[in-house]
Each structure stands twice: as C-alpha cells, then as structure tokens.
Amino acid sequence: MNNIIYNIGVFRTLCERDIKIFRHTLLGTFIDTCITLAFEILLVGYLYPAMGMPSNYIGPLFVGSIFFTALNIAFNTSIERVFELREHGSIFYHISLPCSTFVVFIQYILSITIRILLLLGPLLFLGVRLLSLTAHTNFVSALGILIYLSFSVSFIATFSLWLAYFADLEWYIDNVWPRILAPTLDLSATFFIWKSILRVSTVWAFIFLASPFTHMTEGLRSLLFAPSDYLPLSICLVALLAMYVGLIWLLKRAIVKTIDPVL
C-alpha cells in the first residue's frame, strides 16, 4: 500500500513540475506552431501543387509532415536524454526516489507526449482549416482524431526514449539518423499514400507496412479524409499496438542495460 502511495506521489510531483515548465514555454510553443504552420501551408498548399503535385495529395502530405515534425521534436528530446546520461543528470535522481523506475518512465513518456501535442494539435486542426481540406471534423470525429494522434505521439515519445537509452553518445550522434530514423521514416507512407505504393509494387508496399509511421499516417488520414483511399483504421491500430508492445519491451531492456540492472 505504501509503495502505491509513493508511486502516485512521485508521479504527481513530476507532473506538477512539467506543468510549470509548459506554462513558461506556452508562448514559445505557440510561436513555433505559427511558424511551422506558415511553412507547411506554403509548401504543401502552394509550392508543391504549383510544381505539378495533384491537389488530392495536399491533405495526405500535410498529415505526413505532421509526423515528420513530431519525429524531429522527439529526436531533440532524446538528445537531451543522451547528454543527461553522459553528465549523470536528473534521471539518476529520479530513479533514486521512493517509487518504481517504471513509474518514472511512464511520466517521461507522458511529458514528451504532451510537449509534442501542444505543437501538433493546433498545427493539425488549423492546417486542415487553412488549407480548406475536406475533412471529417465534427466533435465526435475530432475527438477520435485527437485520441489517435495522442496514441501515435505517445509511440513516438516511447521511441525517442528507447533511442536515448539504446546506445552511448558517440554511436548515437554518428548513427541514429542513417541507421534507424532515416530508414524508419523513408520506408513508410509518410510522404506517400500507401495504396499508391501498392499499385506500383506489392513488395515495396508490404515492406512499408513494417514502419510504424505508415500506420500512424494512414490511420490519421483514414480518420480525417475518405477512409477508402487509405489503409483501414482497424489494421493501423492493431499493427501500432503490436509494435508498441515490442517497443516497450525494447525500452525496458535498454533501461536495464543502461541505468537500472534490477528493473
């Protein structure tokens, strides 16, 4: 019983700390959203169509750019964690608190998820409106979109933590983009529509299914636009859940290897 109370207390304290940080950075996040949105509208809404991109690609490509932005934010967060490990920073204090290490990392995932959503949520809904995209955005569908986006972002947050504890600083700086992030992102439907890939090559289409970013982007596109043009939401959700289970297992192994051999 005491362990549960300690876990709840530490979790609440860490959350209260993050809320204070979010309050101080809210204006900066809003400015970042406006700047990112302006460039996305310029590129996806004007320049790409002017160079010959079909207009029906504007919505799907905008959704893909949302997750590319999320990955960049998560990458910056994971770099912070890598240097924190090298400098023996706050993580070592947090795991010494009277609570489970698992609780500390759940709070870390929640913190990164909220940090990304504060930028991505307004970016997505404002972008859909300003690009005049035909999207299903009544209250019920908007709630479903927000839930799926939150789930996808929590996957990216967990992914960023795994990257941080997966390898040492030198390997991370030299290899994380070319060996992990670039293949995961490029071999996905982030910048394509999966059914378009399927029409070109069945083999490549199935290879692209191995990337979680395919299921994030296609699932959100299915919720926002015509579901028949994209992978079914049920397939995306099941695949992403299965990958999340595997990712949590990998994260636990990385934590055990790096900082907590008794987890």
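The values are calculated or read from the model by the stated rules, or taken from the named source; none is laboratory data. Keep in mind the model is a prediction, meaning the values are calculated, not measured. Counting neighbours? That spans all protein chains shown, and the Cβs are built from the backbone with ideal geometry, glycine included.
Computed quantities for the displayed model
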read-out: Number of the condition not met by Val200 [criteria: (1) surrounded by 17 or more Cβ atoms within 10 Å (Cβ to Cβ); (2) within 24 Å of Glu218 (Cα to Cα)]; value: (1)
read-out: Test result for Leu71, at pLDDT 85 or above and in a helix (DSSP H, G or I); value: yes
read-out: Output for segment 92-108, where each listed residue is closer than 15 Å to Ile8 by Cβ and of a type in the set (Gly, Ala, Ser); value: Ser100
read-out: Residue within segment 136-146 that is out of contact with any Lys or Arg (no Cβ under 8 Å at 6 or more places or on another chain), farther than 22 Å from Ile41 by Cβ and part of a loop (DSSP other than H, G, I, E, B) present; value: yes
read-out: Check on Ala157, free of Cβ contacts under 8 Å to residues at least 12 places away in the same chain and under 16 Å from the mean Cα position of the chain (by Cα); value: no
read-out: Hits in segment 85-113 (condition: touching a residue at least 60 places away in the same chain (Cβ under 8 Å), part of a helix (DSSP H, G or I) and farther than 27 Å from Leu149 by Cα); value: Leu85, Arg86, Ile91, Phe92, His94
